[in-house]
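Read the structure below first, then the notes.
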Amino acid sequence: MPPPQGPPRIELPGVGHVLAVASGKGGVGKSTVAANLALALAGQGAKVGLMDADIYGPSVPIMMGVPCPIDQNVTPLPLEKFGLKLMSIGFVVPPEKAVIWRGPMVDRALRQFLDGLQWAPLDYLVLDLPPGTGDAQLTLSQHTRLTGAIIVTTPQDVSLVDARKGVEMFHEVRVPVLGIVENMSYFVGDDGKRYEIFRHGGGKKLATAVGVPFLGDLPIDPRVAECGDQGEPIVHRYPDSPVAQAYFKLASTVVTELAKRPNEQELPDVVM
Ligand SMILES: Nc1ncnc2c1ncn2[C@@H]1O[C@H](COP(=O)(O)OP(=O)(O)OP(=O)(O)O)[C@@H](O)[C@H]1O
Ligand SMILES: [Mg+2]
């Protein structure tokens with residue numbers, strides 16, 4: 001029996017790599033990684049977009065310092081800030097409205113973000129996914145031309161267990177996993193030394209265990225949270241900080257990994 005026909009896959013012509021930043025667990029730093037990685041890629045001269053795919057808990061408006069709601073007659077979407085093209089549900093819908101949306105409305109909003117906005121020309125479109133392995137992940141995996149997923153974890157076991165689930169979900173829906181990033185991995189003291197406060201190295205072990213590349217680790221630094229709250233990500237605000245430097249290195253690693261694989265993957269249709 002032929003598989004049931006869903007809506008057509010969104011191809012995003014004129015957009016290069018579509019990178020989904022995801023994790024199994026909440027609060028591990030996906031949004032922070034998505035925003036700072038987008039800025040680090042743009043710092044290499046690339047044209048980059050950042051799409052907030054978290055409809056129930058959007059982070060891009062606050063992290064990027066965009067006062068909401070915006071007036072679309074004055075500011076067309078995706079709006080431009082810090083050299084990035086940005087879109088978030090928070091720009092257009094008050095938070096208390098979107099949180100009560102049911103699955104199909106979330107699907108429709110995500111499709112409209114991708115299909116209905118002028119993203120091209122872009123080298124990279126970075127998607128900031130909500131936590132877990134729910135509707136948004138499936139919609140985006142099945143109906144978008146995703147180049148690959150970047151899984152964020154922290155060094156703690158609970159996060160690693162969920163990160164593994166995230167990797168498995170993407171494998172199941174035939175989306176390549178570009179690799180694993182370990183966030184809040186170590187601390188750099190004023191003496192410039194590296195201190196491993198949690199058990200460091202779990203991300204790398206997990207990457208080896210599940211057979212995907214380890215993309216790098218990112219230090220913990222209170223300024224990351226401050227910058228996020230104040231609407232200017234650390235890569236933009238403190239480009240010389242150890243955290244920003246780690247992001248520039250991560251961006252280079254991502255570019256290297258992407259160069260190893262063809263952009264257009266033959267993704268078989270998967271019926272869920
Ligand atoms: N390397 C870091 N050092 C210090 N604080 C960090 C770091 N990375 C993230 N944070 C902070 O941790 C908190 C959670 O980060 P963030 O919102 O990016 O996580 P998330 O995985 O997107 O969460 P959610 O699952 O709710 O979407 C934020 O306050 C953020 O500023
Ligand atoms: Mg988030």
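What shape does the stretch 1-137 have by the C-alpha gyration tensor, where a ≥ b ≥ c are the square roots of the eigenvalues, rounded means a/c under 1.5, and otherwise prolate means a/b greater than b/c and oblate the rest? Since a/c stays below 1.5, the shape of the stretch 1-137 is classed as rounded. Ordered by the number of other Cβ atoms lying within 10 Å of each residue's own Cβ, fewest first, 124, 247, 238 fall into the sequence 238, 124, 247. With neighbour counts taken as other beta-carbon atoms within 10 Å, the residues 220, 234, 180, 150 rank, fewest first, as 220, 234, 150, 180. The residues 199, 111, when put in order of fewest to most other Cβ atoms within 10 Å, stand as 199, 111.
Set the Förster distance to 22 Å, then compute FRET efficiency between residue 165 and residue 200 from the Cβ-Cβ distance, nearest 0.05. About 0.55, to the nearest 0.05. DSSP finds beta bridges in the stretch 18-258, and of those with both partners inside it, around 15 percent are antiparallel. Once the chain from residue 190 to residue 261 is taken as fully extended at 0.36 nm per residue, the excess over their C-alpha distance is 21.6 nm.
Judged by the gyration tensor of its Cα atoms, with axes a ≥ b ≥ c, the chain is oblate; a/c meets the 1.5 cut and b/c is at least as large as a/b. Taking amide H as placed 1.01 Å from N in the peptide plane, the amide H of residue 177 sits under 5 Å from that of 149, each at least 5 places away or on another chain.
Rounded to the nearest Å, what's the spacing between the alpha carbon centres of the stretch 191-205 and the stretch 64-101? Just the number, please. The distance from the Cα centre of the stretch 191-205 to that of the stretch 64-101 comes to 36 Å. Hey, if you put +1 on the Cβ of every Lys and Arg and -1 on every Asp and Glu Cβ in the stretch 18-258, which of 56, 177, 242 ends up farthest toward the positive end of that dipole? Final value for the positive-end residue is 177.
FYI, it's all coordinate maths here, none of it is from the lab. Computed from a predicted model, the values in this text were never measured in an experiment. We place every Cβ from the backbone using ideal geometry, glycine too, and count neighbours over all the protein chains shown.
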